[in-house]
Amino acid sequence: MSDTTDTTNTSANNADGAANANDASSANAAPSSASNAAAGAASASSAPQKFEFQAEIKQLLDIVIHSLYTEKEIFIRELASNASDALEKLRHLQLTEKAILDDNLPLEINITTDDTARTLTIQDFGIGMTRAELVENLGTIAHSGSKAFLKALGESGRKNAGLIGQFGVGFYSAFMVAKTVTVRSRSWRPGEPGHVWASDGSGSYTLSPSDGERRGTKITIQLTDDAAGFAAESRVKAILERYSAFIAFPINLNGKRINTVQALWLRNKNEIKDEDYTGFYKFQARAYDAPRLRLHFSADAPLSINALLFVPQENTERHGLARLEPAVALYCRKILIDPRPKDLLPEWLRFLKGVVDSEDLPLNISRETMQDKALLDKIGKVITKRFLKFLEEEAAARPEAYDEFYRQFGIFIKEGAALDYTHKDQLARLLRYESSLTGKGKTTPLAGYLSRMKEGQTDIYYLAGASREAIENGPYLEGFKSRNLEVLFCHEPVDDYVMNSLREYDGKKLTPADHADVKLPDAPKPPADAALPEADTKTLVEWLAATLAARGVAEVKASDRLVDSPALALNADKFMTPHMRRMMKAMNKDEDAAPLRVNLEINPASPVIKHLSAMRAAAPEKAVLVAGQILDNALIAAGLLEDAGRMVSRIYKLLETI
Ligand code: ADP
Ligand code: MG
C-alpha cells in the first residue's frame, strides 16, 4: 500500500476504535505496491487509520457472516493453524537469520477464554506481521485459500455457501462468530513497531500503532451473542483436541497444556518407543488396545510424505458391524486437513488407521489443495504401494502373524485383488488359500502353488465350497487327487470373483476344477476288466442322455476325472461354475433363474454304473429310477439340487423294489 492512493473516508460505519479517526483511509491499493517504508511512515501518527477492505474481501465477508454454515467451530482450527504456520515460519527463520526480535520467546500458542467478557484470544510468538503485511494479508485477497473459495462460489452460485467448510476461508472464518476481531501483531524483524488491526467485518478495518507488543500475533474475538458458547473453556478444549491435537507446538488453554500428543509421525523412528506409538494409535483411532501392525515411513520422491499407519486387532466388519469409513487422516505439516479423506486411499484399505502428512505442498499451504484430486491420488498411490510392500515383507518375515492378519483382514485383500486394477498384481501375491496339499487350517500363497506344479501343468486349479470337508467329500477333487494335482480351496463367497477377475497368476491360468472344459492328463487306468467295456459305456451314455434330457441334462459322457464316485454334474454353461450358480441364486432369491442345464459325467469303473448298464435290459423301469437318482446325487454334490421333494418320492419307489 502506498499513502498516495489512500483516499479520505469518513464513513459513519466505524469499526471499533475508529471513532475518532480523522485521517481514515481506504486501502484499495494494489497489494504489490506495499512497502514497509511507506507503511512505517503512515504509522508515525498514533491515531487509528481506517481502511476499506478490497472488494473481494467484502464479498467474502458478506458470505461468511451471513452463511448458515453450521460448523462455525472451524474458525478455531483456522486460527490455530495460522498460529502454527507463523511459528513454523519462525522456526525456519531461526535457522538462517541472526537477528530475531524476542528470540527467547517460546514457540507456543496460548489461547484464553473469558466467558464474562465473551472473548476468545489466540496468541502466538510466531513471525508476526508488519503494518504492510497486516494490510496485505488481512485486507486483500492475496492468499490462495479464500481466492479459491470465491472462485468456486462464483462457479456454483451464492447459495452454496456451505463450501466454506470445504475450503476453510482461513482468517475470515473468525467473522462467523465475531462482533469484532482485534489483531495485535509485531513482526520478527527487529525495529518494526507493533500494530493493532480491528474490524467488525462490515467493510472496513482500522490500523494503529501499538506500543509494548511482543513478537507474534494476538487475535481477540469479541463473540456475538449467538456464538457466546465459544468463550467456554470446555467447548474450546473439545474443539482443539479434535482439530489440533497434533500441532507440533504446545497449545495452552487458559494456562493449561492441551496437546500432550505430539506429531509423532514426523519424528525419527529410532526415538519413538512402542508405547508412544500405541498411545498415539489409541488417541487417533479411538482404540482401546494396541494395533496389530504398524508402518511408519517417509518418502521424498515423487512426493514428500510422512505416514504412520496402523492395522487394528479386529476387523469389525467381520462381526457384522457397520461398514468401515476411511480413517487415515490427512495432514499437511502437522495441520489436520481432513480427518476422513474419502479419496485418499482405495476403498479396500478402509481398515487402516493413522495419519498421512504430505509436506510437498507450497509453503503457503491452503486447504483448496484438498480439492486437487490428482495430488490426493498421487499421495494415495505412494502410500498404497508402500503398505502392500510392507505386508509382503511381514508375510515373509513373520508368516504366522501374517496369517493372523489375513484371517481378520484377508477379505479386504481379496476385495482389492478383485476390484483394484492398479494394485492387483501386488495384492495377488498377498492372497492365501488352503489347498488339497496343505493341512487343515494351513494356507499357501499362489507362489507356493506354482512351485509345486507338475511338469506340463498350465493351470492353477481351485474349487469353491463351504468347507474343506465339503470339497474333499465331493466328486470333483477325485481326478485331481489321483493325479497328484494340487487344488486350492476357496471357502469365501468372494473367491470366485477374485479368481475370475485375476484370471491368471504369473502367467498361469486360474481355472475352477469343476469347470466343464477342464482336461486332465491321462490318469492311471483301472485294470481292463474293472471298467464297463467301451461299447456298453457308449450305449449307456446315449440312453442316459435320452432319459435325462427332460431334466435339463445337456450332455452325458464318460469321465476322466472320477475315481470312486459314480457321476458328477458340471454346469453346461461354461462361464458358470456350480458354485457361481449357487451364489447367483442366493443373490436373486425372488427372480426365476434360467432353467438349470448341466453336463453329466459318469464313471465306467463304478459298480453303480456297471450295475445300471445291466439293469437297463433286465428292469427298464427301475433303471429309469436309478438314472434319476444318480443325477440327483450328482446335483447334491454340486449344490445344485433345487427340488428335493421329487427325489424323496423316487427313493421310496426304489425302496419298494428291494
Ligand atoms: P492462509 O492461511 O490460507 O494463507 P488465512 O486467511 O488463514 O489464509 O491467513 C491469511 C494470511 O494472514 C496468512 O497467509 C498469513 O500471512 C497471515 N496470518 C494470519 N494469521 C497469522 C498469524 N497468527 N501470524 C502471522 N501471520 C498470520
Ligand atoms: Mg490459514
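Key figures
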quantity	calculated
Residue pairs meeting the criteria (Cβ under 7 Å; at least 6 apart or on separate chains; first in the same structural domain as residue 229 (by TED's automatic domain parsing) and of a type in the set (Gly, Ala, Ser), in the range 116-137; second open to solvent by 40 Å² or more (accessible area, probe 1.4 Å) and within 16 Å of ligand 2 (Cβ to nearest atom))	126/89
Of the criteria (1) part of a loop (DSSP other than H, G, I, E, B); (2) buried (at least 16 other Cβ atoms within 10 Å of the Cβ); (3) basic (Lys, Arg), which one residue 179 fails	(1)
Members of the range 328-350 found to be surrounded by 20 or more Cβ atoms within 10 Å (Cβ to Cβ) and either among the polar types (S, T, N, Q) or more than 14 Å from residue 380 (Cβ to Cβ) (or both), listed by number	331, 332, 333, 334, 335, 336
Pairs, first within 14 Å of residue 570 (Cβ to Cβ) in the range 635-654, second among the basic types (Lys, Arg), C-beta under 6 Å, six or more apart	639/582
Pairs with Cβ under 9 Å, 6+ apart, first in the range 377-393 and more than 21 Å from residue 360 (Cβ to Cβ) and in the same structural domain as residue 330 (by TED's automatic domain parsing), second among the acidic types (Asp, Glu) and buried (at least 20 other Cβ atoms within 10 Å of the Cβ)	none
Filter result for residue 424 (farther than 21 Å from residue 570 by Cα, assigned to a loop (DSSP other than H, G, I, E, B) and touching a residue at least 24 places away in the same chain (Cβ under 8 Å))	no
Checking residue 86 against (1) open to solvent by 40 Å² or more (accessible area, probe 1.4 Å); (2) outside any loop (DSSP other than H, G, I, E, B), the condition it does not meet	(1)
Verdict on residue 60 being open to solvent by less than 20 Å² (accessible area, probe 1.4 Å) and assigned by TED's automatic domain parsing to the domain that holds residue 171	yes
Residue match in the range 485-500 (condition: at pLDDT 90 or above and more than 35 Å from the chain's Cα centre (by Cα))	yes
Output for the range 169-194, where each listed residue is within 13 Å of ligand 1 (Cβ to nearest atom) and basic (Lys, Arg)	184, 186, 189
Any hit, the range 435-455, residues being more than 38 Å from the chain's Cα centre (by Cα), open to solvent by 20 Å² or more (accessible area, probe 1.4 Å) and not β-branched (Val, Ile, Thr)	yes
Subset of the range 458-471 [out of contact with any helix residue (DSSP H, G or I) (no Cβ under 9 Å at 6 or more places or on another chain) and buried (at least 17 other Cβ atoms within 10 Å of the Cβ)]	459, 468, 471
Selection from the range 197-210 of residues that are away from ligand 2 (no atom under 16 Å from the Cβ) and touching a strand residue (DSSP E or B) at 6+ places or on another chain (Cβ under 7 Å)	198, 199, 200, 201, 203, 204, 205, 206, 207, 208, 209, 210
Where a residue in the range 260-285 is acidic (Asp, Glu) and its partner, wherever it lies, is part of a helix (DSSP H, G or I), with Cβ under 9 Å and at least six apart	276/264
Only one of 330, 345, 308 that is in the same structural domain as residue 377 (by TED's automatic domain parsing) and in a loop (DSSP other than H, G, I, E, B)	345
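The values are calculated or read from the model by the stated rules, or taken from the named source; none is laboratory data. Since the structure is predicted, the reported quantities are computational estimates derived from the model, not experimental observations. No Cβ is skipped: glycine too gets one built from the backbone with ideal geometry, and neighbour counts run over all protein chains shown. With ligands, DNA and RNA removed, areas are computed over all heavy atoms of the protein, side chains included. Shrake-Rupley method; radii C 1.70, N 1.55, O 1.52, S 1.80 Å.
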